[in-house]
Ligand code: PMT
């Protein structure tokens, strides 16, 4: 492996040195048509990103060279990666058109209810032999208990299909993700304030630039393998200021395993990137508790008004005069399958976001 590239890229350097995925133009034509149709119909459009960051470097998978076989576990936590698919359904229900940009094999809206590992679809089907004595083929039926559940999901799915309000895009590597994100954002930004960006993807922090990839099979038998990866550029800043020109409603996420870090880290992200909302979630509590962190909106003062004095406790903690936190909670899911609630925290998240996005659009009028 050569060592000729910078170890830390700005977004600009990244796009100048890393090759675009070969299907980029084709994918973006699809997005362009989708956005134009939604604009004609006056819909708000949200981009939902979904990506599990690599806990593993799977060298066999071709990260370095296809012929290598090794796998390294990089971090200890894991996730079901349901947030994006679940949120997309609630956005669709709220009348948004959704661009669902997901990593290959992630859970998808609607089909997520019947994931083969947690709720295998085939288990809900029964074969009914023909009873009329003819040779007509047996019928396939849905079990009685599942009928209502499936009917609801199928009805929502069919109506979204008929309205053509869901556009799905797949990517594999972090390079595909970054190129697609920039290009989709630039298309969607044509809708101005009617566009929302819901960045639920966990993005890898490190990657191997094309220029550092080995030309040939890396020889084993020489002891341990040392890989130096470069930092993935932070793209929120250019996304806010250049790609959306400050017009998009941008929601990022902050995931922590130490709950005490959530709010300070979320505030720091808002300060650094200048977007609208950071949704903080603790890894172990994310299914029933999240916090919205945003900047306090101060009502405009009439021209002759005296500014209000800052409350005393805010003087001690100057940061709290700038930021506001809103917690969204649902009851902790029960482990008893009979009383198990079916409420999903994403419903509350999307309700709150729709309210805030509408306010943001109204303020522009
Ligand atoms: O589906 P679940 O199992 O319920 O899990 C949901 C979730 C925990 C994955 C989700 O709620 C979440 O928190 N996603 C972001 C997790 C994360 O690790 O983010 P980050 O620290 O890599 O990035 C911070 C934010 O910047 C994210 O919104 C990310 O999408 C965005 N980002 C970061 C870097 C980059 N190059 N591009 C980005 O868009």
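The values are calculated or read from the model by the stated rules, or taken from the named source; none is laboratory data. These numbers come from a predicted model, not from an experiment. FYI the Cβ positions are ideal-geometry reconstructions off the backbone, even for glycines, and counts take in every protein chain you see.
When residue 140 is tested against (1) out of contact with any helix residue (DSSP H, G or I) (no Cβ under 7 Å at 6 or more places or on another chain); (2) closer than 28 Å to residue 280 by Cβ, only condition (2) is not met.
For the stretch 156-175, name all the residues that are exposed (fewer than 13 other Cβ atoms within 10 Å of the Cβ) and assigned to a loop (DSSP other than H, G, I, E, B). If the condition is that a residue be exposed (fewer than 13 other Cβ atoms within 10 Å of the Cβ) and assigned to a loop (DSSP other than H, G, I, E, B), then 164 is the only one that fits. Only one of the listed residues (208, 191, 180) is touching a strand residue (DSSP E or B) at 6+ places or on another chain (Cβ under 9 Å), under 16 Å from residue 233 (Cα atoms) and at pLDDT 95 or above. That residue is 180. Considering the stretch 215-297, the qualifying strands (runs of 3 or more DSSP E), each wholly inside and each with 2 or more residues that are in contact with a strand residue (DSSP E or B) (Cβ under 9 Å, 6 or more places away or on another chain), away from the ligand (no atom under 13 Å from the Cβ) and under 21 Å from residue 352 (Cα atoms), run over 289-295. Restricting attention to the stretch 37-59, the residues that are modelled with pLDDT of 95 or more and surrounded by 12 or more Cβ atoms within 10 Å (Cβ to Cβ) add up to 10.
Restricting 188, 181 to residues that are within 15 Å of the ligand (Cβ to nearest atom), under 18 Å from the mean Cα position of the chain (by Cα) and more than 17 Å from residue 14 (Cα to Cα) narrows the list to 188. Residues that are surrounded by fewer than 23 Cβ atoms within 10 Å (Cβ to Cβ) and in a helix (DSSP H, G or I) were ranked within the stretch 87-101; the one that is nearest to the ligand (Cβ to nearest atom) is 90.
Going by the structure shown, is residue 112 surrounded by 23 or more Cβ atoms within 10 Å (Cβ to Cβ) and in contact with a helix residue (DSSP H, G or I) (Cβ under 9 Å, 6 or more places away or on another chain)?
Details: surrounded by 23 or more Cβ atoms within 10 Å (Cβ to Cβ): no; in contact with a helix residue (DSSP H, G or I) (Cβ under 9 Å, 6 or more places away or on another chain): yes.
No; evaluated as a whole, the condition is false for this residue.
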